[in-house]
Amino acid sequence: MKRLTSLGFGTKVKSCEPVLPEEEKVMWDKGVFSMNTAEGLSNAIFFYNGKAFAFRGMEQHKCVEAEQFEILTDQKKQEKIYKIHS
């Protein structure tokens, strides 16, 4: 491992910048996210699954099924709580 590291393998950390609320609003305003088209809805679901459930890789998005989602409300029935079961 030390030899590979000295050659530069495994030294680059993969990361990405978070999407700011202003950038998220732009995506809605420009129709990237939309409740009116299949593509816009698909984009929004993909984005919010990643945001809400911390999905990182494409495989996590591809393997999730509708039956895994559960929508609950808090004790005062004022706020929805979204859960996903593995």
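Filter the trypsin sites (Lys or Arg not before Pro) in the stretch 33-66 down to the DSSP loop ones having no more than 14 other Cβ atoms within 10 Å, then list what survives. Don't jump to the answer; show the numbers that get you there.
Values: sites: LYS51, ARG56, LYS62; in loops: ARG56.
When the trypsin sites (Lys or Arg not before Pro) of the stretch 33-66 are filtered for loop state and at most 14 Cβ neighbours within 10 Å, ARG56 remain.
Of all GluC sites (Glu not before Pro) in the stretch 17-71, which ones are in loop regions per DSSP and have a Cβ with at most 10 other Cβ atoms within 10 Å? Numbers along the way, then the final one.
On the way: sites: GLU22, GLU23, GLU24, GLU39, GLU59, GLU65, GLU67, GLU70; in loops: GLU65.
Taking the stretch 17-71 and a limit of 10 other Cβ atoms within 10 Å, the loop GluC sites (Glu not before Pro) found are GLU65.
Pairs to check: LYS30/LYS77; LYS62/LYS83; LYS25/LYS51; LYS30/LYS51. Give those whose C-alpha atoms are more than 26 Å from each other in this structure. Working shown, then result.
Working: LYS30/LYS77 33 Å; LYS62/LYS83 17 Å; LYS25/LYS51 14 Å; LYS30/LYS51 20 Å.
Correct reply: LYS30/LYS77.
Would you work out which of GLY31, VAL19, THR5 lies farthest towards the positive end of the dipole of the chain? Charges go on Cβ: Lys and Arg +1, Asp and Glu -1.
THR5
Per residue of the stretch 50-59, what does 6.51 cos²θ - 1.76 cosθ + 1.60 with θ = phi - 60° give for ³J(HN,Hα)? Whole Hz please, x for Gly and Pro, Karplus curve as stated.
x, 6, 6, 10, 6, 5, 10, x, 4, 4
Using a 10 Å cut-off around each Cβ, can you sort SER6, SER34, SER15, SER42 from fewest to most neighbouring Cβ atoms?
SER15, SER6, SER42, SER34
Among (1) 1.06; (2) 1.51; (3) 1.63, find the value of Cα Rg over 2.2 N^0.38 Å that was calculated from the structure presented, and write down its label.
(2)
Lysines near LYS12 by alpha-carbon distance under 21 Å, same-chain residues fewer than 8 away left out - which ones?
The qualifying lysines are LYS2.
Here, each number is a calculation from the coordinates, and none is a lab measurement. Values in this document were obtained by computation on a predicted structure and should not be read as measured data. A quick note on method: Cβ atoms are made from the backbone with ideal geometry, for glycine too, and the neighbour counts reach across all protein chains shown.
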